[in-house]
1. Can you give me the convex hull volume of the Cα atoms of the chain, divided per residue and expressed in Å³?
2. Kindly provide the helix-only [θ] at 222 nm of the chain, computed as the sum of -39,500 (n - 2.57) over DSSP H runs of four or more divided by all residues, to the nearest 500 deg cm²/dmol?
3. Given axes a ≥ b ≥ c from the Cα gyration tensor, I'd like to know whether the stretch 4-154 is rounded (a/c under 1.5), prolate (a/b larger than b/c) or oblate.
4. So, in Å, what gap is there between the alpha-carbon centers of the stretch 53-105 and the stretch 219-246?
5. With 26 Å as the limit, write out which pairs from Lys19/Lys230; Lys230/Lys278; Lys19/Lys188; Lys235/Lys278 have Cα-Cα distances beyond it, or answer none.
6. Pop out the Kirkwood hydrodynamic radius of the stretch 180-339 from its pairwise C-alpha distances, inverse of mean 1/r, in Å to one decimal.
7. Suppose R0 equals 25 Å. What FRET efficiency, 1/(1 + (r/R0)^6) with r the Cβ-Cβ distance, do Ala34 and Val305 give to the nearest 0.05?
8. Ignoring ligands, DNA and RNA, what accessible area per residue does the chain give at 1.4 Å, in Å²?
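The values are calculated or read from the model by the stated rules, or taken from the named source; none is laboratory data. The structure displayed is predicted, hence computed values, not measured ones. Methodologically, a virtual Cβ is constructed for each residue, glycine included, from the backbone with ideal geometry; neighbour enumeration extends over all protein chains shown. Ligands, DNA and RNA are stripped out before the accessible areas are found, and what is left, the full protein with its side chains, is counted by its heavy atoms. Shrake-Rupley method; radii C 1.70, N 1.55, O 1.52, S 1.80 Å.
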Amino acid sequence: MAYDSVADSQSDGRIQEAKDFLRLCNDSDSNNRAEALDDVRFAAGDQWPVDVQNSRVLEARPCLTINKVDAYIRQICNQQRQQRPRIKVHGMNSQSDAKIAEILTGICRHIETQSDADNAYDNAVDFAVRMGWGYWRVVTDYVREDSFDQEIFIRPIRNPFTVYLDPNSVLPDGSDAEKAMITTVISKEVFKTMYPDADETNFSMRGTGDTQNEWIMKEDIRIAEYFYIKRVKAKLYQLSNGQSMFADSKDFFERIDRAGLTVINERESYRKQVHWCKMTAMEVLDERILPNRWIPIVPMYGATVTIDDKRKHYGLVRFAKDPQRMYNFWRTSMTESVA
C-alpha cells in the first residue's frame with residue numbers, strides 16, 4: 001500500500017503496538033544484549049578494564065593487547081566458509097516428488113547465487129561465534145527500476161542489535177516468531193524523496209547496541225519495519241484427489257465441480273497472514289501483506305542455555321575473556337620488566 005493511501009496514521013494502534021513490542025524485547029533480552037555488546041567489543045580488541053587502562057596511561061605504563069581470541073574466531077568462521085549451508089529440497093513420496101524437489105533446489109540455488117547469499121551466511125555465523133546470534137533476511141525487490149518483475153533475495157543484516165525477534169520464539173530457525181522488528185537509519189534527504197509528505201520524527205526507542213552518535217542522527221532518520229502475524233479463521237476442504245484447499249473465492253465450489261472433484265472432508269482451521277509495516281514514531285509510511293507463512297527473518301544462534309526459565313545466548317568470546325585478560329597481563333608485565 002502506498003503512503004498516500006494510509007488513512008490517519010498518527011492514531012494508528014500499530015505504532016503503539018510496535019513500541020510496546022520493542023519495550024518487551026528490551027525488558028526480556030537486556031542482559032543478553034549488554035553481554036553480547038561487550039563480547040563484540042572485546043573481540044575487536046577492547047580487552048582492558050577501563051579503570052586499569054586509565055591508571056596505566058596516567059603512570060605511563062604499557063597496556064599491551066595480544067588478541068588471541070580473534071584468531072580462534074577466524075578459525076571457526078573459515079571452517080564454515082569451506083562448507084557453507086545450502087538450501088536443499090527433498091522429495092517425500094513418489095518419483096515425481098523427487099523431480100519437483102530437484103527443480104525447487106535449482107530455483108533456490110539461483111536465488112542464493114543472485115543474492116550473494118554467502119555474504120549473508122558468513123555475516124550471521126561470524127556474529128553467532130562472536131556474541132551468540134546473528135541474522136539474515138529474505139526480501140523481494142524489483143529487478144530494475146523500469147520493471148514490474150520481482151525476484152527473491154537473501155540479504156545480510158549487518159548489525160544484529162537492530163533486530164528485535166519475538167521473545168517467545170524458541171525454535172532454532174525462528175519459525176514460531178509471531179512478531180519482529182528491524183530498525184534502519186537512512187539519510188533525511190533520501191527519506192524526503194521517498195516520503196515527501198511524511199513527518200521526520202525518529203523512531204527513538206531502541207535497545208542496547210542499536211544506537212548512533214548524535215552528530216550522525218542530525219542528518220539521518222531512524223525508521224522501523226514491523227512484522228506481525230494474524231490468524232484468520234477459514235474452513236479447510238479435503239478433495240477427492242487428495243489435495244487440501246481453503247475456500248479462497250466465491251466460485252470455489254464451482255471450480256471444483258468443473259474439475260470433476262468432490263469434497264470428502266472438511267474442518268475448521270485458520271490461515272496465517274504475515275503483515276509488514278514501515279513506520280516512524282508518528283505514522284505508518286507503507287504496509288502490505290506478505291506472501292509468506294513465516295516472518296522472513298532467519299536467526300543463527302551460537303550456544304543457548306536456559307537458566308531459571310530465561311534463555312542465555314553466547315558465543316566463543318564469553319568464556320575466553322578471563323584467559324585472554326590473564327594473558328594480556330602476563331605479557332604486559334613481562335614486557336614492562338624487561339623494558
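1. Dividing the Cα hull volume of the chain by its residues yields 214 Å³.
2. It lands at -12000 deg cm²/dmol.
3. Numbers: a/c = 2.64, a/b = 1.46, b/c = 1.81.
Oblate.
4. 32 Å
5. Lys235/Lys278
6. 21.9 Å
7. 0.90
8. 60 Å²
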